[in-house]
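Just below is one structure, and these are the notes that go with it.
Read the figures in this text as sums done on the coordinates, not as results from a lab. Everything numeric in this text was worked out from a predicted model, so none of it was measured. Counting neighbours? That spans all protein chains shown, and the Cβs are built from the backbone with ideal geometry, glycine included.
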Amino acid sequence: MIKKTSFLLNQWIEYLLFGLGFTMTLLVAGQVFYRYVLNQSLFWSEELSRFLLVWLTFLGASCAYYRQVNPGVDFLYARMPGFLKKISAILTHLFSMALFFVMVVYGYQFAYFVRLQISPALQIPKWIVLGIIPISGAILMFHAATFLVEELKGDPNDN
């Protein structure tokens with residue numbers, strides 16, 4: 001059940017990423033058109049593009065982690081016997097969860113710290129933009145917990 005939930009969550013986030021990326025592309029193209037063709041400026045478009053990029057970055061990190069396409073150095077891991085690989089994988093998931101927990105706690109504190117600041121062009125509270133940090137940390141932690149459960153359920157001779 002946890003594996004299916006993790007899959008569905010990642011799938012939903014990938015659709016959201018497509019929408020955010022497509023919106024950002026149209027926004028930047030519109031900004032260029034207005035600036036160089038119409039000699040006008042969309043004063044809010046650069047700020048919105050920057051905010052979309054922040055969301056794309058943090059949500060994209062959760063998808064990369066789920067798909068396990070994040071960069072890694074595994075020359076030692078590849079040479080380990082099966083039981084050491086399993087222990088190493090479990091420790092990696094536990095350390096990752098600890099890092100994601102820090103991301104949730106300090107991301108929340110930072111978003112709370114800037115809660116009264118308003119963005120200059122869009123006039124929206126900055127906590128809306130920075131709220132993605134603890135949200136993505138929680139998503140990453142959920143994926144890490146899923147991987148940990150799967151690793152603990154697996155056969156040590158699988159590797």
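Of everything in segment 105-125, what is closer than 16 Å to Val54 by Cα and in contact with a helix residue (DSSP H, G or I) (Cβ under 8 Å, 6 or more places away or on another chain)? Give them in sequence order.
Initially, segment 105-125 is screened for residues closer than 16 Å to Val54 by Cα, giving 107-108, 110-111, 114, 119, 122, 124-125.
Listed by number, the residues that qualify are Gly107, Tyr108, Phe110, Ala111, Val114, Ser119, Leu122.
Output the residues belonging to segment 123-155 that are hydrophobic (A, V, I, L, M, F, W, C) and more than 26 Å from Phe83 (Cα to Cα).
We begin by selecting, within segment 123-155, every residue hydrophobic (A, V, I, L, M, F, W, C); these are 124, 127-130, 132-133, 135, 138-142, 144-145, 147-149, 152.
Matches in segment 123-155: Ile124, Trp127, Ile128, Val129, Leu130, Ile132, Ile133, Ile135, Ala138, Ile139.
What are the residues in segment 71-83 that are free of Cβ contacts under 8 Å to residues at least 40 places away in the same chain and loosely packed, with under 14 Cβ neighbours inside 10 Å, if any?
Once the filter is applied, which keeps residues that are free of Cβ contacts under 8 Å to residues at least 40 places away in the same chain and loosely packed, with under 14 Cβ neighbours inside 10 Å, segment 71-83 yields Pro71, Gly72, Val73, Asp74, Phe75, Leu76, Ala78, Arg79, Pro81.
So for segment 21-30 (the condition being of a type outside the set (Lys, Arg) and under 30 Å from Thr146 (Cα atoms)), does at least one residue qualify?
Residues of segment 21-30 that are of a type outside the set (Lys, Arg), as a first pass: 21-30.
This time we only want the ones that are under 30 Å from Thr146 (Cα atoms), so: 21-22.
Looking through segment 21-30, at least one residue is of a type outside the set (Lys, Arg) and under 30 Å from Thr146 (Cα atoms).
How many residues, within segment 70-124, are in a helix (DSSP H, G or I), closer than 22 Å to Phe142 by Cα and of a type in the set (Gly, Ala, Ser)?
Adding up the residues that qualify gives 6.
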